[in-house]
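The values are calculated or read from the model by the stated rules, or taken from the named source; none is laboratory data. Values in this document were obtained by computation on a predicted structure and should not be read as measured data. We place every Cβ from the backbone using ideal geometry, glycine too, and count neighbours over all the protein chains shown.
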Amino acid sequence: MSSIQSHSSALSGLVAARRKLETHGHNIANASTEGYTRQRVIQSPVGAGVVAHVFSTSPSDPGGVMSMGVERLSDVLLQSRMATAVEGQGAAQATEKYMMRIEDAFAEPSESAISGQLTRYWGSWASLAISPDSTAARQQVLAEGEQLAYSLRRADTEMSDTLTYAGAELEATASEINNLSEQIADLNGAIVSAGRNTTSQADLWDQRDRLVSRLAQLTGATSRVREDSQVAVFVGGRVLVDNKTVLKVQATATELQWAIDGAKVDASGYVGSLHTLVSTTIPALRASLDAVAAALVSQTNAIHTAAADPSGATGRLFYDPAGLTAATIAISTDPTNGVAGNPQRVAAASVAGAVFDGSAAHALALLGDSPTGPDAAYMGFLSSLGVATSSARSRAASSELVLAAAANDYNATAQVNLDDELAEMTAAQRAYQASARVVTAIDEMLDDLIRRFGRVGA
């Protein structure tokens with residue numbers, strides 16, 4: 001190898017070492033940057049068909065090293081596993097969030113909750129059965145009946161408000177999805193413009209991956225990188241983003257739709273769980289609570305209308321017979337036969353005129369123990385709510401573990417390790433110093449030759 005070739009080889013080593021120093025320094029600077037993927041310099045030995053440096057005179061010059069750019073140390077399979085874990089976490093988060101909200105609204109078990117109010121309601125009828133001539137006992141029956149009806153209406157309002165909140169979140173999520181999609185489309189163009197295997201392209205790729213990951217969490221989106229480094233994003237088999245083209249979504253109260261044709265977005269992830277909650281889970285719970293109200297109204301009225309009040313009158317309506325849902329249940333205000341505001345219309349006797357007969361009130365008290373009564377219906381509702389909430393908690397906890405495991409595996413490859421980076425920088429610095437010494441030595445040798453023998457061509 002000639003001195004000129006050696007000089008060229010050493011200079012290529014200087015350039016390569018400097019590039020490594022820059023890249024490892026960039027890694028260290030971004031060690032705490034969320035979503036940053038470690039970068040590595042791609043190096044290739046100078047060999048046949050490659051001109052090492054401007055000083056080289058032949059494409060077959062041996063020796064030296066060439067920096068081919070940088071690459072992101074991202075494992076495609078581990079990244080796919082991460083996307084699946086993020087999707088599962090999104091779905092679990094939505095379900096847990098809303099089921100906890102509903103569960104908290106009922107505050108079971110507690111004395112102030114509906115179960116405690118049912119107990120007090122039947123207890124007031126039992127007290128009336130013992131003292132059928134007591135106006136105070138009748139007032140207590142009315143008070144407990146009114147409070148129970150109010151609590152059922154309030155519980156239904158909480159679930160209705162939850163549905164409204166979910167609808168508003170769907171609308172906000174639609175806006176976020178559209179915004180994320182636009183950013184991804186813009187980054188597609190920027191990544192192409194940045195050029196292949198550059199630090200700036202790698203950084204832009206990281207930004208895009210974070211946005212795609214968020215879409216996966218929200219919708220279960222999948223992605224495919226094109227040959228030109230642009231990404232295509234799919235939701236439910238339809239293209240959301242392709243190169244710089246974006247297909248927008250819009251929200252209704254119960255679902256996301258494709259803006260172009262109004263078709264439902266077949267999403268999973270957070271949005272998929274929202275779809276299930278607003279279309280199936282919460283309506284089913286409301287229907288179960290309606291069954292409690294219907295049983296309370298129909299069964300109470302069935303006994304009460306046949307019973308006699310202190311005046312001997314029958315046909316009194318305790319609850320409004322039209323209020324057969326949790327949203328509409330109320331004490332009857334019928335001016336002729338309703339009991340609202342009039343304790344003397346509360347019936348306790350099975351026989352008209354029997355002042356000390358509390359058998360009807362006793363029969364009403366026994367409804368609390370009926371296997372087909374309101375309490376049984378409410379226990380069925382609580383069972384459904386409890387199972388759904390417990391399942392949501394368990395799924396959320398499991399999804400967090402799955403995500404943590406996937407993240408650990410992915411980060412083992414992609415995350416910056418400061419110790420490793422410092423070691424690589426030290427090695428690159430030593431390589432730079434060694435190459436610099438070679439260049440200096442050759443320069444000194446050539447300078448000495450020129451001084452001894454004169455300039456070339458003299």
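Summary table below
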quantity: Of the criteria (1) assigned to a loop (DSSP other than H, G, I, E, B); (2) surrounded by fewer than 16 Cβ atoms within 10 Å (Cβ to Cβ); (3) in contact (Cβ under 8 Å) with a residue 24 or more places away in the chain, which one Ala284 fails; calculated: (1)
quantity: Counted residues, the stretch 250-272 - those being of a type in the set (Val, Ile, Thr) and outside any loop (DSSP other than H, G, I, E, B); calculated: 1
quantity: Qualifying residue in the stretch 320-341 (condition: under 39 Å from the mean Cα position of the chain (by Cα) and either modelled with pLDDT under 95 or of a type in the set (Ser, Thr, Tyr) (or both)); calculated: yes
quantity: Within the stretch 295-319, tally of residues that are over 43 Å from the mean Cα position of the chain (by Cα), of a type outside the set (S, T, N, Q) and either on the phi < 0 side of the Ramachandran plot or assigned to a strand (DSSP E or B) (or both); calculated: 12
quantity: Hey, Thr57 outside any helix (DSSP H, G or I), of a type in the set (S, T, N, Q) and modelled with pLDDT under 80 or not; calculated: yes
quantity: Residue under evaluation Gly368, criteria (1) assigned to a loop (DSSP other than H, G, I, E, B); (2) farther than 12 Å from His304 by Cβ, criterion not met; calculated: (1)
quantity: The stretch 310-322 - residue that is of a type outside the set (A, V, I, L, M) and without any contact (Cβ under 8 Å) to a residue 40 or more places away in the chain and, of those, surrounded by the most Cβ atoms within 10 Å (Cβ to Cβ); calculated: Arg316
quantity: Hits in the stretch 280-327 - residues which are within 19 Å of Leu142 (Cα to Cα), touching a Gly at 6+ places or on another chain (Cβ under 7 Å) and of a type in the set (Ser, Thr, Tyr); calculated: Thr305
quantity: Flag if Val292 is within 22 Å of the chain's Cα centre (by Cα) and in contact (Cβ under 8 Å) with a residue 40 or more places away in the chain; calculated: no
quantity: Residues within the stretch 371-389 that are in a helix (DSSP H, G or I), touching a residue at least 60 places away in the same chain (Cβ under 8 Å) and hydroxyl-bearing (Ser, Thr, Tyr), tallied; calculated: 3
quantity: So Leu247, is it within 23 Å of Val86 (Cβ to Cβ) and within 21 Å of the chain's Cα centre (by Cα); calculated: no
quantity: Sole exception among (1) at pLDDT 80 or above; (2) within 30 Å of Ser80 (Cα to Cα) for Glu424, by number; calculated: (1)
quantity: Extreme residue, surrounded by the most Cβ atoms within 10 Å (Cβ to Cβ), among residues of the stretch 390-421 that are of a type in the set (Val, Ile, Thr) and either outside any helix (DSSP H, G or I) or under 16 Å from the mean Cα position of the chain (by Cα) (or both); calculated: Val416
quantity: The stretch 345-365, residues that are under 15 Å from Gly145 (Cα atoms) and either in contact with a helix residue (DSSP H, G or I) (Cβ under 8 Å, 6 or more places away or on another chain) or assigned to a loop (DSSP other than H, G, I, E, B) (or both); calculated: Val346, Ala347, Ala348, Ala361, Leu364, Ala365
quantity: Unmet criterion (only one of (1) more than 28 Å from Gln93 (Cβ to Cβ); (2) touching a helix residue (DSSP H, G or I) at 6+ places or on another chain (Cβ under 7 Å); (3) in contact (Cβ under 8 Å) with a residue 12 or more places away in the chain; (4) of a type in the set (Gly, Ala, Ser)) for Ala202; calculated: (2)
quantity: Options Val225, Val246: the member that is of a type in the set (Val, Ile, Thr) and under 24 Å from Leu403 (Cβ atoms); calculated: Val225
quantity: Selected residue [under 17 Å from the mean Cα position of the chain (by Cα) and without any contact (Cβ under 8 Å) to a residue 40 or more places away in the chain] from Arg210, Arg214, Arg238, Arg224; calculated: Arg214
quantity: Verdict on Ala267 being touching a residue at least 12 places away in the same chain (Cβ under 8 Å) and within 32 Å of the chain's Cα centre (by Cα); calculated: yes
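So that you can scan it fast, the table gives a plain yes or no per residue for (1) at pLDDT 95 or above; (2) within 30 Å of Gln201 (Cβ to Cβ); (3) touching a Pro at 6+ places or on another chain (Cβ under 8 Å):
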| residue | (1), (2), (3) |
| --- | --- |
| Met66 | no, yes, yes |
| Asp75 | no, yes, no |
| Gln79 | no, yes, no |
| Glu87 | yes, yes, no |
| Phe106 | no, no, no |
| Ser112 | no, no, no |
